[in-house]
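Only the coordinates and a few stated rules stand behind these numbers; no lab work does. What you see is a predicted model, and the numbers here were worked out from it, not measured in a lab. We place every Cβ from the backbone using ideal geometry, glycine too, and count neighbours over all the protein chains shown.
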Amino acid sequence: MEIADWRRRAMAHASVVAVGADDRPVAASLVALGRNGSTMIAYVITDPAWKGRGLGAAVVAASLEALPGTAVFAGVTDGNTPSERLLASLSFVRTGPVT
Ligand SMILES: CC(C)(COP(=O)(O)OP(=O)(O)OC[C@H]1O[C@@H](n2cnc3c(N)ncnc32)[C@H](O)[C@@H]1OP(=O)(O)O)[C@@H](O)C(=O)NCCC(=O)NCCS
């Protein structure tokens, strides 16, 4: 249900998939319009076999490059250190809890 909702609001031009040499997806960044009209990194994921090689940061960076001059938000679940560090490495700043 939640995923279907995000897919309806997906911003395809800024969503990015990284593929390996065999053309299989290894990391992805989904950008979508938030319910309040904001632009959100709705999800970022890296294939477990490919984690820790900079791919998560690379796909989010590519999404940001497709959104020049746009304020971009992202949500992090408490305790998701990899996600928090990924976003911090791209200069995202903490704004507070989602309302
Ligand atoms: C979060 C996730 C996408 C990170 O992907 P990744 O390709 O491994 O990330 P990167 O290699 O680009 O690393 C980006 C930063 O996060 C840090 N990081 C990555 N994995 C980490 C871990 N397990 N613990 C601590 N820091 C970690 C890296 O050190 C790097 O920071 P740095 O530049 O300061 O060194 C990946 O762990 C994942 O798919 N998690 C499951 C899905 C998820 O929780 N998505 C986020 C919710 S939207």
### Message
Please compute one quarter of the surface area of the Cα convex hull for the stretch 38-99 and express it in square nanometres.
### Response
4.5
### Message
Can you list residues from other chains, or at least 5 along the same chain, whose modelled amide H is less than 5 Å from the amide H of ALA27?
### Response
ALA18, ASP47
### Message
Defining a contact as two alpha carbons under 8 Å apart and six or more residues distant in sequence, what relative contact order in percent does the chain show?
### Response
23
#### Entry: Mean residue ellipticity (222 nm) of the chain, computed from DSSP H runs ≥ 4 via -39,500 (n - 2.57), nearest 500
-7500 deg cm²/dmol
#### Entry: Pairwise label distance in nanometres, ALA49 with VAL19, each label 7 Å out on the Cα-Cβ vector
1.6
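Set the Förster distance to 22 Å, then compute FRET efficiency between TRP6 and ALA61 from the Cβ-Cβ distance, nearest 0.05. If you can, show how the numbers build up before the last one.
Working: r = 20 Å, r/R0 = 0.93.
Efficiency, from the Cβ-Cβ distance: 0.60.
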### Message
Springs between alpha-carbon pairs under 10 angstrom, Gaussian network model over the chain: which of ALA62, ALA21, ALA88 fluctuates most?
### Response
ALA21
### Summary
The extension gain from SER89 to VAL72, computed as 0.36 nm times the residue separation minus the Cα-Cα distance, is 4.7 nm
### Residue-by-residue Karplus 3J(HN,Hα) for the stretch 14-21, coefficients 6.51, -1.76, 1.60, Hz, glycine and proline x
10, 8, 10, 10, 9, 10, x, 4
